[in-house]
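As structure tokens, the structure follows; a few thoughts come after it.
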Amino acid sequence: MNSTAEQVLDGCTKGTVLSIDFFDTLITRSVAQPTHVFAVMEQRLIAALGDTWRGFAVARIEAEQAARLHASQQDENRDVTIEEIVLQLAHQLSLDMGQRTMLIELEKETEISLVQAVPFGLAITQGARERGMKVVIVSDNYMPASHLVAMAHAAGFSWVTADDVFVSCEHGAMKHNGALWPVVFSALGVKSNDIFHVGDDQHADGAMPGKYGISSHVRSTMRTSHRTMINTTPAVLPLSRIEAWYRDTMDASTWDVAEVLGGGLVAMVVAAQILDVQSVLAKREVAGVHFAARDGYLAHQVWNTLRERGHDLPEASYTAFSRSVVWRSSLVNADALELDRFVGDDEMVTLPRLERRVGCALVAEVPQDELLPATVSREILRNNAQIIAEAASGLRTRLVRYLTAQSLLKPGHHVVVDLGWKGSTVADLAEVASDASNGASTCEGRFTGLFWEATPVRLRVALHGYAMDDVGSADDNVRLLGIIKLMEALVTAPHGSVIDYAYDGSPVFVETKPELDAYAAIVGRIANAAMRGALAIIEGTHESGVTAADITPQSVWAAMMQVGHTPRVDEIEALSAIHHVTSVDHEGSGRVMVAKAPENSSSICVEDLPEMYNTLMHRHWMQGSLRALENNADTRWIAHEMYRINPMTSPRWVS
Amino acid sequence: MACKRSGVQFPSAPPMTMVAVVMRTYERPVLLARAIASVQQQTLSDWHLVIVNNGGDPAIVDNVVRIAQQSTTSSSGTISVLHLDARVGMEEASNRGLAATTSEFFVIHDDDDSWDERFLEVSVKAMGSHVSAAAVVTGITRIHETFRGGSVWPVMHEDFYLTPGRLTLRGMIGNNTFPPIAALFRRRVISQVGEFDASLPVLGDWEFNLRAVTTGEFVYIPEKLARYHTRTSESDSASGNSITIGEDLHRSVKLQLQDRWLQEPAVNGVNKGLLSMTASTATDIEETQGGTRTRVDVEQIANRTAQIIALQSPLRRVVRGVLHPRHGVRAIVRRLRRIIGK
């Protein structure tokens, strides 16, 4: 729990002046991070002046970096001005004088339209003034004091005048290097121990004032929603607005990472699943809508709630099928190679576990508790091929009975909603449905994301990737592959995978301890927040202002990248406990989603990195693992080398 | 030659659409499925995709199209298939596809390439603001991919080198500077300069571009909205690009074209064949010296070479250069150094 403004002021006994940082201490914006203001500008520029302004936000960020570099070469104490930044931008974008003036005005207008008071900033300035303290603003920024005054007024701080504002770009000195403090002392005629400073930056607002003998309080809660700055494009705004809303509502309490993940990214994905189906219903006759277990669980729950609330939606099924169960049902004429796939090359399993995998008792002369090497297991499977085929035939009968009950064999076109990623399981399902209905049932797979392995599957079933697909850019395809494990862990159901169907037609789910533990610890809370958030988005009641109109393929992809590709430290820590259970029988402890850093990093050499890259990409959450490596001083070089070898894995995903 | 249509049937006349997309294919169903998806996902919906099945098994193509049409997309364009009974040349296939459509603009979409979803929207918009343009060409990403055993995966990608200068007659005359996937043409160009040259087994797009550019400018949009896919050497041979598996044929056809142009009368004192040969040689210099002279400006060389040819009895030098390539290259390098050094 953060200190209240009263508590902070109570701790300041000597000060007669409260000096307060401006951005993210006194005021903030209704977006998750400062650069997203430029995304709003880009959105407005494109709407007013056309596509030539696409990419403006990134150009604006790069122009500021260039201007700062240029200024520091002249005088390291001084800050840049907005005019210098726009001059750099003019070089990049070939802007004339009129356009430069327009951009400065637009930036000021946009800042004012998004500004809002930080509740803590409001409380502490009110409290200080009530205690008779003078309140001044000390800020490192490129905007003139007059603009900061205008922003302060727009945020409700009507008492602020230009005399109360000390901004770096007007004084040739910065708070960041301490040079601005003598300016403040001189202007106010006070000494360092007369000032109590509050800000959000450990260095500029904590360490540097301390060097000048100024007491301070650092409160960085407004920074909790920040991610990699360069990834700024209009598509990031929906998640940005949701995360900004969470930042503001949790300011006085504690940042709840599960709530934010669920109400942000996952809510957007779930809303997209539903809205995508609605778009299909608007375009063609559909015999049935089927949300696939487990990726469609949350969307199915929300769908049903919307129906209960009177939304005009047809009944939809929640249909349980999995890669392994559909595959096993197809093994009626399995050859040896297919049977071998029941066991991994380096896997050791007992006979009972092998029997559970194939769904029948096997004839073998081995002790029940003996761990069998893959060669022995496979020999047993081959010797029992006929028994396995009979079991597969039985499973197929039960599967068809189940699909009939789910109305998937009803003649007509069916929509199957799944998270992703290759479409092959939906293709298998579509073939079962088509065979069992003599071709009367056709399916269309609606996925959140597909990557290049979906291309050959397009010959078997109609596929649509909402946020990304195999036709997307190669880099984005790789980025999608890197976040698959994360998405599967977050967008899921409270039950395990289906492994069989009972004779009464009900699916048999397998429960695993790692998945149950993860659900109890965090995934369940994420799910609840996601369902609430998705409902609010679709019904237009979300307090962030995000509505169904904001849910687009671009914004959902951006949300997936914002969290999945550039996770914050708190997200990596919270999700590190999740294990992914992938074996064909869904037994065992699974793999950790965030790979652990090697214990002895000095033994790792560059030649090991390709293998490590493959492991992270296919078995773990790539970006969560890379960031974890990067956050550790000993292993940071591994992450950086990975970025160098595979640039698409670096934090920048906006081109 | 007989042909039959399937998919969406035309009434007596094909429906008038904004863009006709002609996709030639021959027994590459996996890549075809991807290419169709690339068209279906366009944000501009007023298109008519004609798939010209160039002598391949009709059932395979029909199956791919049938499944693709079961996908509900935001785009509402139409798809039809033209089955040719026997295989014809690529350009003849293009002409057949174009004849089956009426539209304001057209694109040749190879069955192994793909677009960003905004390609048609942006290109058509650009045509609207450049009313005299013959074509719009977007930036290109070249994707190197491996196709093996029915699966395809990206290996790497790179920016395809293209500039406005490479879309002028002088910029294009030495070599084919862009693949068809990047270009949207105004349909009237065909009535002005004729259709694709069906006698050419390859490079028909280059030959057409050189005629088309005489009717209006090729507008360049730097945004990379076209994806030119090429298969790596590890790929199954049936999946290869015409340019990567038929380099000798390309070279031979290029020489034939240059011979043809040499016999054409000069325009404004410049013979198209001479210009092409010299500009082509300049490009060869760039390629052979790529390791030592990294940023040779081919367009500049082509332009300056054209000036030289126009001013100084060109035929003798060029013929000598063709007969004795090493001498010719050396002479051109000497001359260029002298000019560039001024």
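Data table
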quantity	calculated
On Cα atoms only, tilt of A:97-114 relative to the major axis of chain A in degrees	70 degrees
Relative contact order, percent, chain A [alpha-carbon distance under 8 Å, six or more residues apart]	14 percent
Phi to ³J(HN,Hα) by Karplus 6.51 cos²θ - 1.76 cosθ + 1.60 over region A:546-552, Hz, x for Gly, Pro	6, 10, 4, 5, 7, 8, 10
Vicinal HN-Hα couplings computed from phi for region A:471-486 (Karplus, 6.51 cos²θ - 1.76 cosθ + 1.60; Hz; Gly/Pro x)	7, x, 5, 4, 4, 5, 4, 5, 4, 4, 4, x, 10, 4, 4, 5
Eligible lysines near residue B:254 by straight Cα distance, threshold 20 Å, same-chain separation 8 or greater	B:272
Region A:477-527 versus region A:535-549: alpha-carbon centroid distance in Å	27 Å
Built amide H within the under 5 Å cut-off of residue A:27, gap 5+	A:118
Reachable lysines, given that their alpha-carbon falls under 21 Å from the alpha-carbon of residue A:513 and they are not under 8 places away in the same chain	A:485, A:596
³J(HN,Hα), Karplus 6.51/-1.76/1.60, whole Hz, each residue of region A:433-443, x for Gly, Pro	5, 5, 4, 6, 10, 6, x, 6, 9, 10, 10
Accessible area per residue in Å² at 1.4 Å probe, computed on the protein assembly as shown	40 Å²
Residue (of B:175, B:32, B:102) at the positive-pole extreme of region B:3-246, dipole from beta-carbon charges	B:102
Mean Cβ neighbour count within 10 Å, used as a protection proxy, ranking A:544-556, A:595-607, A:49-61 highest first	A:544-556, A:49-61, A:595-607
Protection proxy ranking, peptides B:85-98, A:267-280, average beta carbon neighbours within 10 Å, highest first	A:267-280, B:85-98
Amide proton proximity set for residue A:592, modelled H, under 5 Å, gap of 5+	A:580
Local electrostatic count, residue A:544, Cβ distance below 9 Å [Lys/Arg +1, Asp/Glu -1]	-1
Within-13-Å neighbourhood charge of residue A:269 [Cβ basis; K, R +1; D, E -1]	-3
Inter-chain shielding of A:459-465 (mean C-beta neighbours from other protein chains, 10 Å cut-off)	6
Amide H contacts of residue B:231 (H built 1.01 Å from N, under 5 Å, at least 5 apart or other chain)	B:145, B:241
Extension gain from residue A:51 to residue A:284, taking 0.36 nm per residue of separation minus the Cα-Cα distance	80.7 nm
Surface share of carbon and sulfur [accessible, 1.4 angstrom probe, percent] for the protein assembly as shown	52 percent
Loop sites in region A:437-541: GluC sites (Glu not before Pro), DSSP, at most 15 other Cβ within 10 Å	A:511
Cα centroid of region B:10-86 to Cα centroid of region A:341-373, whole Å	49 Å
Residue-count net charge about residue A:181 - beta-carbon cut-off 10 Å; Lys, Arg +1, Asp, Glu -1	+2
Chain A - share of DSSP beta bridges that are antiparallel (%, nearest 5)	20 percent
Set of lysines with alpha-carbon distance to residue A:175 below 26 Å, sequence-local pairs under 8 removed	A:14, A:108, A:134, A:191, A:211
Pairwise burial A:B, computed as accessible area of each alone minus the pair, summed, 1.4 Å, Å²	2300 Å²
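The values are calculated or read from the model by the stated rules, or taken from the named source; none is laboratory data. The structure presented is a predicted model; accordingly, all values stated were derived computationally and were not measured. Here the Cβ is made from the backbone with ideal geometry for all residues, glycine too, and neighbour counts use every protein chain on show. Ligands, DNA and RNA are excluded from the accessible area calculation, which covers all protein heavy atoms including side chains. Shrake-Rupley method; radii C 1.70, N 1.55, O 1.52, S 1.80 Å.
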